Amino acid sequence: QVQLEESGGGLVQAGDSLRLSCTSSTSTFSTYATAWFRQAPGKEREFVAAIRSGGSTAVADSLKGRFTISRDNPKATVYLRMSSLKPEDTGVYYCARSRNSVIYSSPVDYITWGQGTQVTVSS
């Protein structure tokens, strides 16, 4: 069974940068699209960014210019680089594996999820 593990979250100040990592337990990780979602208290889980095995990416419109996603297939790891962080970026960040190689923005199309990593941005 595929497992995903996120790391890199923490408490930062507004304007800081942070890099999250998502590591898969299997080598087949690279054949699927992988996404980052986030969820703030009392809010629905929202799409952040995703990347296909070939490297093409998608980033939520509201986050373009500040968030970037990349992957290292030999390491079975996907990264989310976040810069110019704002208090509204606070939430639990989850990585998820798509049901195939396609990028989707809805969480229902992702079949494997990590436990999440907390990101807190203080003002």
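The values are calculated or read from the model by the stated rules, or taken from the named source; none is laboratory data. Not measured: the values here are computed from a predicted model. Glycine also receives a Cβ, built like all others from the backbone with ideal geometry; neighbour counts cover every protein chain displayed. Heavy atoms of the whole protein, side chains included, go into the accessibility calculation; ligands, DNA and RNA do not. Shrake-Rupley method; radii C 1.70, N 1.55, O 1.52, S 1.80 Å.
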Legend entry - Student exercise, the chain dipole from Lys, Arg, Asp, Glu Cβ charges, in Debye to nearest 20: 220
Legend entry - Accessible area (Å², per residue) of the chain, counting only protein heavy atoms and a probe of 1.4 Å: 51
Inset, instruction - Choose one of SER105, SER30, SER122: the residue whose Cα lies farthest towards the positive end of the charge dipole of the chain (beta-carbon charges +1 Lys, Arg; -1 Asp, Glu; about the Cα centre). - result: SER30
Legend entry - Sites VAL102 and LYS43 - FRET efficiency at Förster radius 35 Å, r taken between beta-carbons, to 0.05: 0.85
